[in-house]
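Q: This is the structure I want to talk about, given as structure tokens.
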């Protein structure tokens with residue numbers, strides 16, 4: 001007798017995550033006991049600035065440095081427990097299992113190294129590729145993110161690229177590690193509207209073709225509504241609302257309603 005197959009376990013399971021930043025005037029709680037999971041999906045995390053979106057995602061990669069205090073009852077990443085792990089232990093998932101695309105390539109890319117050198121570094125560390133093999137794979141990745149003239153971009157420094165090209169280069173760097181989960185922290189906020197559409201379409205195709213999961217951090221509720229599968233809404237370090245992305249406009253939570261009401265309506269005077 002055949003038994004129904006069980007649902008696959010989430011890639012990320014977090015229970016009671018707390019992030020506290022000490023200061024001279026006392027402790028500031030940035031994230032206050034939130035719990036969530038991430039499956040093979042596109043998950044949007046939305047909220048105002050300071051709501052705890054970005055630090056939550058960075059904690060999954062072990063990127064919150066002391067004296068900040070990060071604790072959790074449980075933090076399971078790809079089946080392994082990291083709740084009590086030291087920061088060095090996160091190297092097992094950072095890049096190899098989870099990749100991070102940061103907000104503005106002008107400040108996220110190393111300004112003194114060429115794009116090729118920065119891509120080669122990741123390929124050498126994570127996949128053991130060097131020399132001609134690394135260059136060939138790096139150029140292939142630049143082509144995969146629809147970069148015009150990959151040969152020129154390979155030799156260029158970040159300041160020689162437009163914002164959209166810099167963001168594509170950063171996506172290529174993350175894809176070099178072949179992660180199962182991609183975290184995109186406001187990946188389009190520094191770009192003009194037409195380039196935003198191109199980058200989102202690129203992320204959409206990458207996630208679909210490679211079978212990856214995605215966490216998208218954003219202020220743009222309408223963009224998240226049309227792009228993601230599920231949405232988490234954060235306020236003052238806590239999760240106040242969760243729903244399917246296509247049901248976001250129907251949410252009855254007061255804070256979610258206020259965020260939606262702040263979105264300009266082009267069909268109204």
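Q: Quick one: if you stick a label point 7 Å off each Cα along the C-beta vector at residue 157 and residue 37, how many nm between them?
A: Here the answer is 4.8 nm between the modelled labels.
Q: Shape of segment 213-253 from its Cα gyration tensor (a ≥ b ≥ c, root eigenvalues): rounded if a/c is under 1.5, otherwise prolate when a/b > b/c, or oblate?
A: Oblate is the answer for segment 213-253, as a/c is 1.5 or above yet b/c matches or exceeds a/b.
Q: Pull out the extension gain between residue 250 and residue 81, defined as 0.36 nm times the separation in residues minus the alpha carbon to alpha carbon distance; nm, one decimal.
A: 57.3 nm
Q: A further question on this structure: What FRET efficiency do you get for residue 148 and residue 96 if R0 is 22 Å and r is their Cβ-Cβ distance, rounded to the nearest 0.05?
A: Between residue 148 and residue 96 the formula returns 0.15.
Q: Hey, another quick one. Based on the mean of other beta carbon atoms within 10 Å per residue, what is the order of 238-249, 31-42, most packed first?
A: 31-42, 238-249
Q: Related question: On a 0 to 90 degree scale, rounded to 10, what angle separates helix 131-144 from the longest Cα axis of the chain?
A: Orientation of helix 131-144: about 50 degrees from the principal axis.
Q: If you average the sequence gap of Cα pairs under 8 Å that are 6 or more apart and divide by the length of the chain, what percent do you get for the contact order?
A: Here the relative contact order equals 25 percent.
Q: For mean projected area of the Cα convex hull in nm², several values are listed as [x] 16.6; [y] 18.7; [z] 21.2; flag the one computed from this structure.
A: [y]
Q: Okay, next question. Using helices alone, what [θ] at 222 nm do you get for the chain, with -39,500 (n - 2.57) per DSSP H run of 4 or more residues, divided over all residues and rounded to the nearest 500?
A: Helix-only estimate at 222 nm: -10000 deg cm²/dmol.
Values in this text are rule-based calculations from the coordinates and carry no lab data. What you see is a predicted model; the values in this text were computed from it and never measured. When we count neighbours, we look across all protein chains shown, and the Cβ atoms used for this are built from the backbone with ideal geometry, even at glycine.
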